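Step one of this worksheet: look at the structure below.
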Amino acid sequence: MFYDHVKIEVRSGNGGNGAVSFRREKYLPNGGPDGGNGGRGGSVIIRADQRKNTLLDFRYKKRFVANDGEGGGKNNRIGKSADDIVIFVPPGTMIRDANSDRLIADLVETGDEVIVAEGGRGGVGNAYFKSSVRQAPQFSKAGKSGVERTLTLELKLLADVAFVGYPNAGKSTLLSVLTAATPKIASYPFTTLEPQLGVLQYDDQQVVLADIPGLVEGAAGGAGMGTDFLRHIERSRLLLHVVDAAAVDGREPYADYLAINEELSTYKEQLAERDQWVVLAKADVADPDTLESLVEKLSAERKTFVVSAVTQRGIPELKQALAAIVPLLPKPEFYDESEARKVYRFEEKPLYEIALVDGHFVVSGDWIRELVQSTNFTDRESLRFFEREIKRNGLYDDLQARGITEEDTVVLAGSEFEWVF
């Protein structure tokens, strides 16, 4: 099964919390702080790997969660950082934010990678806060929270040449005689239900060919298989337009040629400008007069080949031309100019959210969780820092604006507090 479009969820790990600890050796009754820093949470990385050719790995596993970093320890021990998660995808995979459809990265070459969810930084221990005026800090800092995102992965095949044409035009048969590929071949439409790849070997040249499932009139608007596989044409340097010269299905070959080009142009204007050759297939059973007329019409517009898989007519010439010319053709742009590659920045979450639950003001969010975990409410200096932070970041004013009154209960990241002005 060919998977080329999936949605996944990723979450990076939280940073480990810093530790609060003091030296307690036998002969150091007043030893200083020695709480260590927390380790970094694991990041989620997506990397292109040439050993992959579909997104089938994501058929069942669609959620990837990195581990949290370990907390710091006494004796200035630093918590262990969590390992990153690396997700392997085929070259040619585009990564988008599922909520906004914005492009995050386009992994074209093997080894291209992008961090889609960065692990949270580790918190710092109380040893970090020691100074000449603060010799015994009773507080540390919590690790930063990881991030959770929903992404869309879209694969666009990286083939040098893409076959286009009506169903049953002879594309699969042509692929089988040009390469060692063995696509399904039958005398009914839509035999090819997913893209097929093959490699043309000619002297010391290699050209990757892709047989795209047949298009029909109205495909750009959803007819037939719609646009499901049109995306795979975008990466190719050359379009090889296969036309059934024998009109086996009773259609008019030149009208087929015009209709398919219209669909390509409707789907994406750049495809109409892409280099395109025409292959008149099934020449062994085509009417000679019809074939001559088609050659006269089409050769005036495009480079045209007359071939027969049965008699091998025109096959050597087509192979030679593909090997000689395709490597010299320019590679198309891999993404729209309006979409910057690998510079997309995710939207920042709000610092906190306030909800009224059973008469209590419930405040949630990563920022408030980290602040509560970083505060020692029995230490005056730490408590004063906590109060300054909720005022500086607007939480104090927001609660007052929502009508909080004296002795109301406020739930901050799961911990209950009594509101005092």
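Throughout, read-outs are computed from the coordinates displayed, never taken from laboratory work. What you see is a predicted model, and the numbers here were worked out from it, not measured in a lab. Cβ atoms come from the backbone with ideal geometry, glycine included; neighbour counts cover every protein chain shown.
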Next item on the list: Just list whichever of LYS52/LYS80; LYS282/LYS331; LYS171/LYS297; LYS297/LYS331; LYS52/LYS156; LYS141/LYS349 have alpha carbons separated by over 23 Å in the model shown.
Entry: LYS52/LYS80; LYS282/LYS331; LYS297/LYS331
Item checked: Partner aspartates and glutamates for LYS62 [C-alpha distance under 20 Å; skip if fewer than 8 residues away on the same chain] -> ASP4, GLU9, ASP49, ASP83, ASP84, ASP97, ASP101, ASP106, GLU113, GLU118, GLU148, GLU154
Next item on the list: Please report how far the C-alpha centroid of region 233-296 lies from that of region 389-419, rounded to the nearest whole angstrom.
Entry: 69
Item checked: Most mobile listed residue (ALA255, ALA272, ALA159) in the chain, GNM with C-alpha springs under 10 Å -> ALA255
Margin query: Once each part is reduced to its C-alpha centroid, what is the distance from region 360-374 to region 6-23 in angstrom?
Written below: 16
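Tell me the volume per residue, in Å³, of the convex hull enclosing the alpha carbons of region 1-155. If you can, show how the numbers build up before the last one.
Numbers: hull volume 19.8 nm³, N = 155.
Each residue corresponds to 127 Å³ of Cα convex hull volume.
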Next item on the list: Quickly work out the GLU109-to-ASP289 label distance, labels modelled 7 Å from Cα along the C-beta direction, and quote it in nm with one decimal.
Entry: 5.6
Note to self: Taking 0.36 nm per residue of sequence separation and subtracting the Cα-Cα distance, how much length would be gained by fully extending the chain between TYR254 and GLU148, in nm to one decimal?
What the structure shows: 32.9 nm
Check: What FRET efficiency would be calculated for the residue pair ARG384, LEU56, taking the C-beta separation as r and a Förster radius of 60 Å, to the nearest 0.05?
Finding: 0.60
Margin query: Taking Cα extents along the principal axes in Å straight from the coordinates, which label in (i) 62, 58, 39; (ii) 103, 52, 33; (iii) 167, 57, 31 is the correct one?
Written below: (ii)
